[in-house]
Amino acid sequence: MAQSTYDSQFISYPTYNGDDLELSVNNSGTHFRLWSPEAQEARVNLYNDGHTGKPYQVVEMKKDAANGTWTASLPEKLYGKFYTFQIKWKGEWKNETPGVWAKAVGVNGKRAAIIDFAKTNPEGWDADRRPEVKNFSDVIVYEMHHRDMSMHPSSGIANKGKFLALTEDGTVTPLGEKTGIDHLKELGVTHVHILPSYDYNSVDETNLQNNTYNWGYDPQNYNAPEGSYSTNPSDPSTRVREMKEMVKALHDAGIGVIMDVVYNHTAENDGSNFELTAPGYYHRHWDDGRYSDASGCGNETASDLKQMQDYIINSTKYWAKEYHIDGFRFDLMAIHDTETMNKVAEELKKIDPSIFVYGEGWTAGDSPLAVERRALKENVSKMKDIAVFSDDLRDAVKGHYTNAADRGFATGKPGNEETVKIGIVAATNHPQVDYSKGQNSKFPYADSPEMIVNYVSCHDDMCLTDKLHHSMEGEPEENMLEAAKLAQTIVFTSQGTPFMFAGEEIFRGKKGNHNTYNMPDSVNAIDWANKSKYRDQFDYYRELVALRKAHPAFRMTSADDIAKHLVFDKIDSKKTPNLISYSLKENANGDSWKEIKVVFNGASHEQTVNIAKGKWMIVAQNGKMAHDGSLGTTNGGKITLAPYSALILAKE
């Protein structure tokens, strides 16, 4: 299965897929089982403390050659104790490791902890239910970082930067605007996508007063929550319980929880838990033995090898079962192979069909894994129940991510119309879309709109607000606010799943910085005072969310339906650039509205369209939106659109 001559040596390794790796506790005692086929010896070091002191006991392990594991057992339940593994390899004892399966850890994650997970469940946990998802096109994703949501003094949140921040009801700004979980409820999103929340490497949990910030794309222990987000990182049970309390609070609010997972690389190379348990196996290499680095972070993992594939599948299943996680966003998903991703989705579906899996359909560098096997966006139709981000829509609407000054369709740059249409039809085959004019993609790569996540902004690169300030420099801020509304209107009315970056509904920026993964809270924290300042913006976004939820025409589930019901009006983009007009016809997808007319004017000047005669309800016009009829009606004919604006009309 492996792609390099170096990695081919690992294909013959025996594998083990039992559910007792690396720790199990039952009535007969505490049992350890470590997978390390090439180790010469292995041992368990037992500790009283999760951070300091020497082991109080060292237990030699016995080899089970048939499946490559080493085992040891003790007759008592060792709750409250800590442990590490050590293997002897090529005549030398390697450094201690908590193993790859540590589900609870001491401070800074260097020692695994033995805890009773049943005692970490919050009250009512057994009755906790994830929000029902009928179709993935019904999901509305809000991407957030724990610290960003709560650290600013204006948040009114007590547990700043913690899992518990999202359990606090009634938090408001000094001017009385809702923040935190109440803000999410008011906005109406269906799911939050939380940036990495497993135990990562870059924050010293013994020194939290330093307020070190990181996004968390540097995995250390994949199956234990990050300690800096708990109120007591030294207590292994606290971080587990508090993360569950957060999930339950969001579920009680009707909001699902999607977890950002980074199985594609490890924070360290030789010092990673993978290398300290089964040297060489879990990472990909080039023929000469060098680490391959498709992650751009120093290494990449080998999902095409059986034990790593099983690891990814079982780890996601663990989070779905133990923490009731509702979805997984795979970082640099194309480092993984399509077979692994299909198995992940298949196994999660058995737990709950509503679990949503999506990821970045690209890598950050070359890989020994053959291109046709990578989980690329171009290969998404080889995968089932998995979606990819649309960089087509992103770059066409706001301008290319690599060039801060580059404008897009929504900010007056001509020539992006056809690529925006690719986003509108969710990269499916459509008779009126010319893929040869696509800037990022040249063919319809999605078989279904449920394979596409549409967005203009996320944690990566310049957020939308900063991009607008940079690319529209010299224009009044009012123009930028209208362009932001237009950009998100395109996202939320397009087929597929809409995705937005936290705080942009109140025009949140990051002081013009691109990748703020290790920048301080002064750059990253959402200033909630903006909610009063940009109340009009928030109300527009709230209406946008409500419109999408109320009208299934924007949420079709098949490519055939899109091709049949979504009809573009003929516009010569050379003569009339930055104008797109289309109809959603014949009560599309069972919608109560017979026809919906959607027009986008991305130009810096007014543009006029000719609308068929008849009684139309105005849903959006000149930067205002309401789907309840309060904006009045029009009889069609010539209608002028303001610069950087959307027009949406509906016929009952």
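General remarks:
- Selection of the range 619-652 for residues being under 17 Å from K413 (Cα atoms) and in a loop (DSSP other than H, G, I, E, B) yields A642, P643, Y644.
- Boolean, N513 is surrounded by fewer than 22 Cβ atoms within 10 Å (Cβ to Cβ), out of contact with any strand residue (DSSP E or B) (no Cβ under 6 Å at 6 or more places or on another chain) and either without any contact (Cβ under 8 Å) to a residue 12 or more places away in the chain or farther than 26 Å from S471 by Cβ (or both): no
- Only one of the listed residues (T71, T84) is in a strand (DSSP E or B) and over 22 Å from E205 (Cα atoms). That residue is T71.
- Within the range 368-407, tally of residues that are open to solvent by 60 Å² or more (accessible area, probe 1.4 Å) and aromatic (F, W, Y): 1
- Of all residues in the range 187-194, none satisfies being open to solvent by 20 Å² or more (accessible area, probe 1.4 Å) and in contact with a Ser or Thr (Cβ under 7 Å, 6 or more places away or on another chain).
- Only residues that are touching a strand residue (DSSP E or B) at 6+ places or on another chain (Cβ under 6 Å) and either over 25 Å from K103 (Cα atoms) or surrounded by fewer than 23 Cβ atoms within 10 Å (Cβ to Cβ) (or both) were counted in the range 270-281, giving 1.
- Among the residues listed as G365, G415, the single one being in contact (Cβ under 8 Å) with a residue 40 or more places away in the chain, out of contact with any helix residue (DSSP H, G or I) (no Cβ under 8 Å at 6 or more places or on another chain), within 26 Å of T489 (Cα to Cα) and surrounded by fewer than 24 Cβ atoms within 10 Å (Cβ to Cβ): G415
- For the range 484-506, the set of residues classified as assigned to a helix (DSSP H, G or I), in contact (Cβ under 8 Å) with a residue 60 or more places away in the chain and under 17 Å from the mean Cα position of the chain (by Cα) consists of V491 only.
- Screening P131 against (1) touching a residue at least 60 places away in the same chain (Cβ under 8 Å); (2) over 30 Å from A553 (Cβ atoms) leaves a single unmet condition, (2).
- For V344: the one exception among (1) within 28 Å of D293 (Cβ to Cβ); (2) surrounded by fewer than 24 Cβ atoms within 10 Å (Cβ to Cβ); (3) free of Cβ contacts under 8 Å to residues at least 60 places away in the same chain: (2)
- Failed condition for A118, given (1) part of a loop (DSSP other than H, G, I, E, B); (2) over 23 Å from F501 (Cβ atoms): (1)
- Scanning the range 123-146 for any residue that is open to solvent by 10 Å² or more (accessible area, probe 1.4 Å) and over 30 Å from Y358 (Cβ atoms) turns up at least one such residue.
- Selection within the range 64-73 - at pLDDT 95 or above and surrounded by fewer than 17 Cβ atoms within 10 Å (Cβ to Cβ): N67, T71, S73
- Qualifying residue in the range 551-566 (condition: closer than 22 Å to N622 by Cβ and open to solvent by 50 Å² or more (accessible area, probe 1.4 Å)): no
- In the range 146-160, the residues that are without any contact (Cβ under 8 Å) to a residue 40 or more places away in the chain and touching a Ser or Thr at 6+ places or on another chain (Cβ under 6 Å): I157, K160
- Candidates in the range 207-251 are the residues that are over 20 Å from G80 (Cβ atoms), acidic (D, E) and touching a helix residue (DSSP H, G or I) at 6+ places or on another chain (Cβ under 9 Å); of these, the one that is surrounded by the most Cβ atoms within 10 Å (Cβ to Cβ) is E226.
- Residue match in the range 290-298 (condition: out of contact with any helix residue (DSSP H, G or I) (no Cβ under 8 Å at 6 or more places or on another chain), under 17 Å from A364 (Cβ atoms), open to solvent by 10 Å² or more (accessible area, probe 1.4 Å) and among the acidic types (D, E)): yes
- Taken over the range 166-177, the residue count meeting the criterion of being without any contact (Cβ under 8 Å) to a residue 60 or more places away in the chain and either open to solvent by less than 40 Å² (accessible area, probe 1.4 Å) or in contact with a strand residue (DSSP E or B) (Cβ under 7 Å, 6 or more places away or on another chain) (or both) is 3.
- In summary, K54 fulfils each of the numbered conditions (1) over 30 Å from T206 (Cα atoms); (2) loosely packed, with under 13 Cβ neighbours inside 10 Å with the single exception of condition (1).
- Filtering N601, N518, N622 for residues that are modelled with pLDDT of 95 or more and buried (at least 22 other Cβ atoms within 10 Å of the Cβ) leaves a single hit, N601.
The values are calculated or read from the model by the stated rules, or taken from the named source; none is laboratory data. Every value quoted in this text rests on a predicted model; they were computed, and no experiment measured them. Please note: Cβ atoms are built from the backbone with ideal geometry, for glycine as well, and neighbour counts cover all protein chains shown. SASA here: full protein model, heavy atoms, side chains in, ligands and nucleic acids out. Shrake-Rupley method; radii C 1.70, N 1.55, O 1.52, S 1.80 Å.
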